[in-house]
1. Consider the stretch 343-362. How many of its residues are of a type in the set (D, E, K, R) and either out of contact with any Phe, Trp or Tyr (no Cβ under 9 Å at 6 or more places or on another chain) or buried (at least 24 other Cβ atoms within 10 Å of the Cβ) (or both)?
2. When the stretch 255-274 is examined, which residues are found to be open to solvent by 40 Å² or more (accessible area, probe 1.4 Å) and either over 30 Å from Ile239 (Cβ atoms) or not charged (D, E, K, R) (or both)?
3. Taking into account only those residues within the stretch 275-302 that are assigned to a strand (DSSP E or B) and of a type in the set (D, E, K, R), which is most open to solvent (accessible area, probe 1.4 Å)?
4. Of everything in the stretch 464-509, what is under 25 Å from Gly59 (Cα atoms) and open to solvent by 20 Å² or more (accessible area, probe 1.4 Å)? Give them in sequence order.
5. Kindly list, by first and then second residue, each pair from a residue in the stretch 481-497 that is under 14 Å from Gly470 (Cβ atoms) to a residue that is of a type in the set (A, V, I, L, M, F, W, C) and assigned to a loop (DSSP other than H, G, I, E, B), limited to pairs with Cβ atoms under 6 Å and residues at least 6 apart or on different chains.
6. Which count do you get for residues in the stretch 424-462 that are open to solvent by 20 Å² or more (accessible area, probe 1.4 Å) and either of a type in the set (S, T, N, Q) or assigned to a strand (DSSP E or B) (or both)?
7. Since Thr141 meets every condition but one in (1) under 29 Å from Leu364 (Cα atoms); (2) open to solvent by 20 Å² or more (accessible area, probe 1.4 Å); (3) of a type in the set (S, T, N, Q), which condition does it not meet?
Amino acid sequence: MNNRFLKCTGLLCVAALAITSFKTYDGWQSKLVTVNPDGSLIYHPDEQGNTLPDFSRVGYHEGDKPIPDVPVAKTIEAPKDGDASQLIQDAINEVSKLTPNADGYRGAVLLKKGIYKVPDSLRINTSGVVLRGEGMSKGGTVILASGTGQRTLLHITGAGAAREINGTRVKITDDFVPVGAKSFNVQSADGYKVGDRIILYRPSPENWIHDLKMDQILAKKDTKQWKAGEYDMHYERTITKIEGNKIYIDNSVVMQMDAHYGGGAIYKYTFNGRIKEVGVENIAFESDYQRDDDENHGWIAIDLRNIENGWVRNVSSKYFGYACVSVDGGARNITVTDCKCTDAKSQITGGRRYSFNVTGQLNLIMNCHAEDGRHDNVTGARVCGPNVFYNNTAKHTHADAGPHHRWATGTLYDNIVTDGEINVQDRGNMGSGHGWSGVTQVLWNCTVSKAAVQKPWVSGQNYCIGLHGGKDAGHFKDRDDGYWEGQNKKGLEPASLYVAQFKARHLTQ
């Protein structure tokens, strides 16, 4: 076994045990990727040059640094009764004023065992602060969204947004950049250097919207046709090498860039308000409620926005209406691991029960479980990948997992086991006009009741490899299938694409 692999990941040690050797195979391999005897990978392109992208650099510090055990800076005891909001918030504010250490950690607020009633919301807005309990099981630490009011219980939020640095934008000169690529040519690399953080920009011109047929969605009340400029994609990347005017980047291209559809560009950016090194761990979040379809109560247990390198681990949520964890805009390199979302209380209809929801990029949702949800492993609109859902389970589902609406790009659903569906399709006028839900969506070794995986009209492919379960025709039965391989065929190697890619990346480091 590769000792460096185990040392680097922390969280992935158990997963690595399943692939201690690549020298012999009893199963089968996909036509799209070959595993060499040493564990390295060879990707086989399609006729356009597209390959499966590299999903290995997601999560906290790209998985190369274990989630830390930050020293306790403040300890509080659960009050016997009454509102604990100010008690917890004051402790968070106190730790937020401490000087961070060399690793960027200010300290952890430890909530001792007991029940903490919070009738409003809690907020972490400073880097280096961790909120920790003494366990998410019975007899541990419980934060209760008490009383009424639809709200998020814990906001972990930075400020601002990614801002383009004027004068740095340069066009990509290649006529076509395929999915999976990590290099391309630009008009001029002058002013750029290795280590620069850039935005890889992919526009959404009118002819692309039209050819994707998203300006032709069959209209009903509140249906929104897609419009040019509203689906521009902004991927955060880092330059790893420059050769003349050729730029190399750390993470794969996850959506084709075609000169016919506006090509692409890069530019430098700032994100001054983003916070980092924040986490939540070992806490049970619960909500008061009046009845099973009550919606005037806690809605989201934990919401993360404008954060880099954060985590949620060993957390449970009960009785919320929307999510246990929602990884929203501006959140990147977040790991959510070993969490549970159960016993949702809400109407069972649209806009509810998105157990583990991702809108940010470069995030990892791992070893999590959901029950009685609707969209349990799900992405939203205009999502920039890569993102990974790995080794998650769901029971008693009321809707499907997968990209929910309006063009998520570059998501891996790896070893997801659900009694519901995973669908990647044209959703047409469902909702307010969802349209194509995504591209470069990869289902790998998943177990479902059934799945629909379709190919968009233009701009790429979706993949279903080693699925255990039925095949569904989808919302529109005349859409082309995506790439299907090995349905109900046992023994897919590697068993996990994410783990194999992670291990392969570390072979030469």
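The values are calculated or read from the model by the stated rules, or taken from the named source; none is laboratory data. None of these values were measured; they are calculated from a predicted model. Positions of Cβ are backbone-derived with ideal geometry, glycine not excepted, and every protein chain shown enters the neighbour counts. Accessible surface areas use protein heavy atoms only, side chains included; no ligands, DNA or RNA. Shrake-Rupley method; radii C 1.70, N 1.55, O 1.52, S 1.80 Å.
1. Taking the stretch 343-362 and keeping what is of a type in the set (D, E, K, R), we get 343, 345, 352-353.
So of that shortlist, the ones also either out of contact with any Phe, Trp or Tyr (no Cβ under 9 Å at 6 or more places or on another chain) or buried (at least 24 other Cβ atoms within 10 Å of the Cβ) (or both) come out as 353.
Going through the stretch 343-362 one residue at a time, the tally reaches 1.
2. Ala259, His260, Thr270, Asn272
3. Restricting attention to the stretch 275-302, the residues satisfying the condition of being assigned to a strand (DSSP E or B) are 275-287, 298-302.
Next, from what is left, pick out any that are of a type in the set (D, E, K, R): 276-277, 281, 286.
On the way: Lys276: 110, Glu277: 11, Glu281: 2, Glu286: 52 Å².
That would be Lys276.
4. As a first pass, look at the stretch 464-509 and keep what is under 25 Å from Gly59 (Cα atoms): 464-467, 492-509.
Result: Glu493, Ala495, Ala504, Arg505, Leu507, Thr508, Gln509.
5. Short answer, once both residue conditions are applied: Gln487/Leu467.
6. The total comes to 7.
7. (2)
Table: residues versus (1) free of Cβ contacts under 8 Å to residues at least 40 places away in the same chain; (2) on the phi < 0 side of the Ramachandran plot.
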position	(1), (2)
His398	no, yes
Pro403	yes, yes
Thr409	no, yes
Glu421	no, yes
Trp436	no, yes
Ser449	yes, yes
Gly469	yes, no
